[in-house]
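Structure first, commentary second.
The values are calculated or read from the model by the stated rules, or taken from the named source; none is laboratory data. Predicted model only: the values in this text are computed from it and were never measured. Cβ sites come from the backbone with ideal geometry, for glycine too, and all protein chains shown count toward neighbours. For accessibility, only protein heavy atoms count, side chains too; no ligands or nucleic acids. Shrake-Rupley method; radii C 1.70, N 1.55, O 1.52, S 1.80 Å.
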Amino acid sequence: MGISRHGPRRGPLRGRGRVRGPVSRRGVLAGAVGPMLAGPARAAQGPGLGGLAAARGIVFGTALTRGEAEASPALARIAGAEAALIVPGNEFKWPAHRPSAEGFDFRDADFMMRFAEEHRKPARGHALVWHGALPAWFEGAPRDAAGMRAMLERHIRTVAGRYAGRMQSWDVVNEPVEPWYRRADGLRETPFLAALGPGYIDLAFRLAHEADPAARLVLNEYGLEMANEDNAARRAAILALLRGMLARGVPVHALGIQGHLAAAARDFDAGVLRRFIREVAALGLEVLVTELDVTDRGLPPDIPARDAAVARMLRAFLDAALAEPSVRMVVVWGLTDRFTWMNDSRYARREDGLPVRGHLLDEALRPKPAWHAVADAFRAAPQR
Ligand code: G3I
């Protein structure tokens, strides 16, 4: 499960009555969501996921985009109420703020930083270097080592420098590993690797640290959690990469385990995930869950059964991850099925064309069993 971009190589709903009684500040906030949204109001009337996580010393965050916040003010209010940290979902990717090789356009990025700051939430930057989202002009950009180096220097200095002191952490390099390429080091062949060799990763981290010395610097990767050969190769490549970076004195502070899960997968093994997290922690690094969601691809259409399977997968994953004290942050890759990348992905979307139900709230922003599974996992987590 982990979803490979190279193809698939590889709780029950608790009846919760409407909470009545004195109207809390949070209740007022939630009430502002609107009369059709009794569900989210209900979910937000307790401590909310951010509060439940905080009680255990864990930060709960969500990705959110400007487009989503503007299309659904109700979602924006729920994100503001439930999450303790915001990750601008697309606004810090090159296509969003690099309209040209020369230019920068920070309007959407600034919008999301304002959103986080107005809600008094820290923000995470995602991502300074990612092969997966590059603007069209990048095709014509210099591919020699000097040109690529100059481009990375300019990009990271400008972007990380502009928000210095305001980002809790940065995904400095996103998804650098892909064993499918069969390189001995397990690295993914990207334009950055082609031009600069594996040293592009060290370079990016050093530049980010210079530009924003306060930010925690994260290496972010998917496909690290399952007990299968592909994920085992990814774990080995990530560990070797992190060890090498630390030996070279590169300022890397954390590993981000994205956590794009699949409810139909049968090869989740808590022991495998926990051992890996312990190996990373033994290097002196934090481990963050950075993009948690679950595709229900491969499951029959029945909605209660799908919702229960998604909730079970989330609970199993979180119980394992949160049993490790090095895991202090859990970020979901969006809160609601209304906006999800999974319906657009050939690896994550359902083959029967039904919308994926892989987030915590349904399309009408009502909490699903997945929401309760995450809440229960936070309640059950050992104290940090
Ligand atoms: O905003 C434009 C819109 O103007 C245009 O009409 C439309 C046409 O396709 O595209 C819109 O932009 C899309 C954007 O999402 C906002 O919806 C991009 O094409 C689309 O590529 C982009 O997809 C994002 C994807 O990363 C690529 O950047 C997804 O929202 C986002 O959820 C996904 O997130 C990634 C993480 O960054 C890294 N890990 C995997 C994760 C899931 O793929």
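Residues that are in contact with a Phe, Trp or Tyr (Cβ under 8 Å, 6 or more places away or on another chain) and in a loop (DSSP other than H, G, I, E, B) were ranked within segment 43-67; the one that is nearest to the ligand (Cβ to nearest atom) is Thr65.
Give the residue, chosen from Arg188, Arg182, that is among the basic types (Lys, Arg), over 30 Å from Ala116 (Cα atoms) and within 16 Å of the ligand (Cβ to nearest atom).
On the way: Arg182 fails: within 16 Å of the ligand (Cβ to nearest atom).
Unique residue meeting the criteria: Arg188.
The residues on offer are Ala194, Ala208, and the sole one that is more than 16 Å from the ligand (Cβ to nearest atom), open to solvent by 10 Å² or more (accessible area, probe 1.4 Å) and in a helix (DSSP H, G or I) is Ala194.
Given the residues Glu82, Glu91, which is the only one that is more than 16 Å from the ligand (Cβ to nearest atom) and of a type in the set (Asp, Glu)? Walk me through how you get there before you give the answer.
Values: Glu91 fails: more than 16 Å from the ligand (Cβ to nearest atom).
Answer to the selection: Glu82.
With more than 16 Å from the ligand (Cβ to nearest atom), of a type outside the set (Lys, Arg) and on the phi < 0 side of the Ramachandran plot as the only criterion, which of Ala145, Ala133 stands out? Answer to the check: Ala145.
Rundown of residues vs (1) open to solvent by 10 Å² or more (accessible area, probe 1.4 Å); (2) within 16 Å of the ligand (Cβ to nearest atom); (3) of a type in the set (Val, Ile, Thr); (4) within 30 Å of Ala308 (Cβ to Cβ), yes/no style:
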site	(1), (2), (3), (4)
Gly223	no, yes, no, yes
Arg248	yes, no, no, no
Ala262	yes, yes, no, yes
Glu286	yes, no, no, no
Val289	no, yes, yes, yes
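Checking each residue in segment 120-130 for being out of contact with any Leu (no Cβ under 7 Å at 6 or more places or on another chain) and away from the ligand (no atom under 16 Å from the Cβ) picks out only Arg120.
In segment 151-189, how many residues are open to solvent by 10 Å² or more (accessible area, probe 1.4 Å) and of a type in the set (Ser, Thr, Tyr)? Residues that pass the stated criteria total 2.
Restricting to segment 338-356, give me the number of residues that are buried (at least 18 other Cβ atoms within 10 Å of the Cβ) and within 13 Å of the ligand (Cβ to nearest atom). Give the derivation first.
Taking segment 338-356 and keeping what is buried (at least 18 other Cβ atoms within 10 Å of the Cβ), we get 338-342, 348-350, 356.
Filter once more, keeping what is within 13 Å of the ligand (Cβ to nearest atom): 338-342, 348-349, 356.
Count: 8.
Considering the conditions (1) surrounded by fewer than 22 Cβ atoms within 10 Å (Cβ to Cβ); (2) closer than 24 Å to Leu322 by Cα, Ala237 is excluded by exactly one of them, (1).
Restricting to segment 165-216, what's the tally of residues that are of a type in the set (D, E, K, R) and more than 21 Å from Ala232 (Cβ to Cβ)? Break it down into steps so the answer makes sense when it comes.
As a first pass, look at segment 165-216 and keep what is of a type in the set (D, E, K, R): 166, 171, 175, 178, 182-183, 185, 188-189, 202, 206, 210, 212, 216.
Going one step further and asking which of them are more than 21 Å from Ala232 (Cβ to Cβ), we end up with 166, 171, 202, 206, 210, 212, 216.
Summing the residues that are of a type in the set (D, E, K, R) and more than 21 Å from Ala232 (Cβ to Cβ) in segment 165-216 gives 7.
In the set Glu117, Glu70, Glu102, only one residue is more than 16 Å from the ligand (Cβ to nearest atom) and in a helix (DSSP H, G or I); that residue is Glu117. Within segment 362-376, can you find the residues that are within 18 Å of Met342 (Cα to Cα), out of contact with any Asp or Glu (no Cβ under 6 Å at 6 or more places or on another chain) and surrounded by fewer than 24 Cβ atoms within 10 Å (Cβ to Cβ)? Residue satisfying the conditions is Ala364 alone.
Name the residue that is nearest to the ligand (Cβ to nearest atom), counting only residues in segment 291-325 that are in a loop (DSSP other than H, G, I, E, B) and open to solvent by 20 Å² or more (accessible area, probe 1.4 Å).
Let us first name the residues in segment 291-325 that are in a loop (DSSP other than H, G, I, E, B), namely 296-302, 323-325.
Next, from what is left, pick out any that are open to solvent by 20 Å² or more (accessible area, probe 1.4 Å): 297-302, 323, 325.
Values: Arg297: 14, Gly298: 18, Leu299: 20, Pro300: 24, Pro301: 23, Asp302: 26, Ala323: 24, Pro325: 26 Å.
Ranking the qualifying residues of segment 291-325, first place goes to Arg297.
Which one is nearest to Ile156 (Cα to Cα) among residues in segment 125-140 that are open to solvent by 10 Å² or more (accessible area, probe 1.4 Å), outside any helix (DSSP H, G or I) and of a type in the set (A, V, I, L, M, F, W, C)? The extreme case among them is Trp130.
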